[in-house]
Amino acid sequence: MHFLAAGDLSTALDARAEHPEAELLAGGTDLMVEVNLSYHRPAGVIAVRSCEELLEWEGRRIGAAVTWARLEDGPHRALGQLARTIGSPQIRAAGTLGGNVATASPAGDGLPWIAAVDAEIEVASRSRGTRIIPWTEFFVGVKETTLAPDEIITAILLPEQMPVSQEFAKVGVRNVMVIAMVNCVVARGDDGFRVALGSVAPVPIRAYRAEEMINAETSISDAALTEFARIVSDEVRPITDHRSTEAYRRHASGVLARRLVERCLAA
């Protein structure tokens, strides 16, 4: 197995072009679990955690190697909320938003936030340069993305107008240090409410029908919220697995989305 610690993005792109089969290593909170349990033996590793370009966070551009610990205290409320629920302080000091995106687990806590704010994924390769991918085109299946073998995720790009109100919640056997049975972000901006969920489909999803319904309400009543929750529960596509049943995930999706709408209204 070959190993390279890239000191800058240019070096990392060269190594990625030469060894597209190698695994990228930033925080290692996903990869090293699989390696330590002997589930996976990478042919090579390219460490990118020292690439200054990936550590930069300025305005709308969040570098792929920005850690959860840094995101906890950032200006985006729901992103900070979800960051504080991820693992232990040690995990949050190492794990990165870019790693969450690259792993593309249906339960990834950062992914509903990306969907709710309509963020884009910036990727780069030596052969094609930089390209920007909408989140709707980046995630294509369970732990599957449109990232090419020679590409590196370089940043998450936020829209110019961010929702003023945003709230996150998830359901699991504990409040923290747990993989979500359901996670949800509700954001409220000038265009109304947006509702995104994870762990209820192969990829993060937006509950577009529920959004349309609640945004058509001039005065949001208890009856409207009940109908909104029902539509959210109907829109998700969960499965039954060792963490939860399909029925519970449907129920929890509606409950979480309703609670977060109520939080946004109260803000």
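Results, tabulated for the structure shown:
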{"read-out": "Helices (runs of 4 or more DSSP H) wholly inside the stretch 73-120 containing at least 1 residues that are within 20 Å of Ser199 (Cβ to Cβ) and in contact with an Asp or Glu (Cβ under 6 Å, 6 or more places away or on another chain)", "value": "77-83, 97-103"}
{"read-out": "Filtered residues of the stretch 131-177 (kept if assigned to a strand (DSSP E or B), among the acidic types (Asp, Glu) and surrounded by fewer than 18 Cβ atoms within 10 Å (Cβ to Cβ))", "value": "Glu144"}
{"read-out": "Residue within the stretch 251-263 that is under 15 Å from Ala187 (Cα atoms), aliphatic (A, V, I, L, M), in contact (Cβ under 8 Å) with a residue 60 or more places away in the chain and touching a Ser or Thr at 6+ places or on another chain (Cβ under 9 Å) present", "value": "yes"}
{"read-out": "Neighbours by Cβ (under 6 Å, 6+ apart or cross-chain): first from the stretch 55-82, without any contact (Cβ under 8 Å) to a residue 24 or more places away in the chain; second assigned to a loop (DSSP other than H, G, I, E, B)", "value": "Leu55/Ala65; Trp57/Val66; Glu72/Arg84; Gly80/Gly74"}
{"read-out": "The lone exception for Leu4 - which of (1) part of a strand (DSSP E or B); (2) at pLDDT 95 or above; (3) of a type outside the set (Gly, Ala, Ser) it fails", "value": "(2)"}
{"read-out": "Looking only at the stretch 116-130, and only at residues there that are in contact (Cβ under 8 Å) with a residue 40 or more places away in the chain and of a type in the set (S, T, N, Q), the one that is surrounded by the most Cβ atoms within 10 Å (Cβ to Cβ)", "value": "Ser125"}
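The values are calculated or read from the model by the stated rules, or taken from the named source; none is laboratory data. Just so it is clear, the structure is predicted and the values come from calculations on it, not from any experiment. A quick note on method: Cβ atoms are made from the backbone with ideal geometry, for glycine too, and the neighbour counts reach across all protein chains shown.
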